[in-house]
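First comes the structure, then the notes that go with it.
The values are calculated or read from the model by the stated rules, or taken from the named source; none is laboratory data. Since we're looking at a predicted model, the values are computed, not measured. Cβ placement follows ideal geometry from the backbone for every residue including glycine, while neighbour counts extend to all protein chains displayed. To get the accessible areas, we keep the full protein, side chains included, count just its heavy atoms, and leave off ligands, DNA and RNA. Shrake-Rupley method; radii C 1.70, N 1.55, O 1.52, S 1.80 Å.
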Amino acid sequence: MKTPENLPSVLIVTGPTASGKTRRAVDIARMLHGEIISADSRQIYRGMDLGTGKDIEEYGDTPYHLIDIAPAGSKYNLFRFLDDARAAADLIASRGHLPVMCGGTGLYVESFLKGLRLPEVPENKELRESLKGKSLDELTGILSSMKTLHNSTDVDSAKRAIRAIEIQTYYADHPDAAAGAIPSPIDDALVIGIAIDRESRRRRITDRLKQRLDNGMLDEIRTLLDSGISADDLMYYGLEYKYLTMHVIGDLSFDEMFDKLEMEIHRFAKRQMTWFRGMERRGFKINWLDWDMPDDEFRHAVVQLIETRPQ
């Protein structure tokens, strides 16, 4: 297939978990001489492979960025992602290749498209100490009094909620820094969403969870714990790392862990779709293509989107 002219400055492939984003993004990258930039908030951590669904084998010889760039146990954030993603996009473009961003972390994708630039927020030890011991509900109440809670991952653990409060407190105390984060929107990006019906999504989530457990996801958790990462630090990452860790340390039986995790992944996928619908209401065009389109039809649809997009 002939490479279309007037490629976008960046092509983004997004969608809910288990929709097959990675395979489609790699297909596009191969077709259009692109390189992948991961927009997944957990795939940046080394040693967290099965739990984050890295699927490295799907990349083959396609170059990828922002995967395995931080040690497990550290706290990566939106500020660092935006800096790293812009640097990766610039590097890819300098080689004459197309940056293809792939991931389902809606906050990362939307903030990148907005060209958002954030001040780095330092740790506030005094504030953290004052919040220590408060319940997640109490912390959520404090945070909701400071901002509208669009992103539910802000409050899926006490540590995340405290960090979110810390950031909002910094913005309140440093209005000049917050006001200095003037967006520079990326006007010529093309965003492709992988659409999957609810029943197929639920089936694929369950099948994938079983497969990852069969492939050793619990061993991955044990290895991370044995390396010196605390259970609390692992549970900070949520979903698989929360519930599998709770099972490994004896807080949940295997069946309890599986049922709770399966339910939470389904809820997570629904929250992702809520975010994407919000993006569309906020003016971002997402071009939805069915998850089970034949490969040739999918490639043809992508080319058509590129050739017919507004210039």
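Some values worked out for this structure:
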read-out	value
Test set (1) β-branched (Val, Ile, Thr); (2) part of a helix (DSSP H, G or I); (3) in contact (Cβ under 8 Å) with a residue 60 or more places away in the chain - residue 100 fails condition number	(2)
Residues located in segment 52-83, provided they are touching a residue at least 40 places away in the same chain (Cβ under 8 Å) and assigned to a helix (DSSP H, G or I)	78, 79, 81
Any pair with Cβ under 6 angstrom, 6 or more apart, that starts in segment 293-305 at a residue that is touching a residue at least 24 places away in the same chain (Cβ under 8 Å) and ends at one that is open to solvent by less than 40 Å² (accessible area, probe 1.4 Å) and in a helix (DSSP H, G or I)	299/31; 302/28
In segment 1-25, residue surrounded by the most Cβ atoms within 10 Å (Cβ to Cβ) [restricted to those that are in a helix (DSSP H, G or I) and in contact (Cβ under 8 Å) with a residue 40 or more places away in the chain]	25
Single residue of segment 259-302 satisfying the filter (part of a helix (DSSP H, G or I) and in contact with a Gly (Cβ under 7 Å, 6 or more places away or on another chain)) that is surrounded by the most Cβ atoms within 10 Å (Cβ to Cβ)	276
Search result, residues across segment 189-202 that are surrounded by 13 or more Cβ atoms within 10 Å (Cβ to Cβ) and over 27 Å from residue 234 (Cα atoms)	189, 190, 191, 192, 193, 194, 195, 196, 200
Tally, over segment 205-231, of residues that are in contact (Cβ under 8 Å) with a residue 24 or more places away in the chain and open to solvent by 70 Å² or more (accessible area, probe 1.4 Å)	4
Given (1) touching a His at 6+ places or on another chain (Cβ under 7 Å); (2) surrounded by fewer than 22 Cβ atoms within 10 Å (Cβ to Cβ), index of the condition residue 37 fails	(2)
Failed item in (1) closer than 22 Å to residue 104 by Cβ; (2) of a type in the set (A, V, I, L, M, F, W, C); (3) modelled with pLDDT of 75 or more; (4) surrounded by fewer than 18 Cβ atoms within 10 Å (Cβ to Cβ), with residue 164 passing the rest	(4)
Answer residue from segment 237-257, given it is of a type in the set (A, V, I, L, M, F, W, C) and either open to solvent by 40 Å² or more (accessible area, probe 1.4 Å) or in a helix (DSSP H, G or I) (or both) and is farthest from residue 74 (Cα to Cα) among those	254
Any hit, segment 104-120, residues being surrounded by fewer than 14 Cβ atoms within 10 Å (Cβ to Cβ) and farther than 28 Å from residue 267 by Cα	yes
Selection count where residues are assigned to a helix (DSSP H, G or I), under 30 Å from residue 19 (Cα atoms) and of a type outside the set (Asp, Glu), scope segment 105-137	8
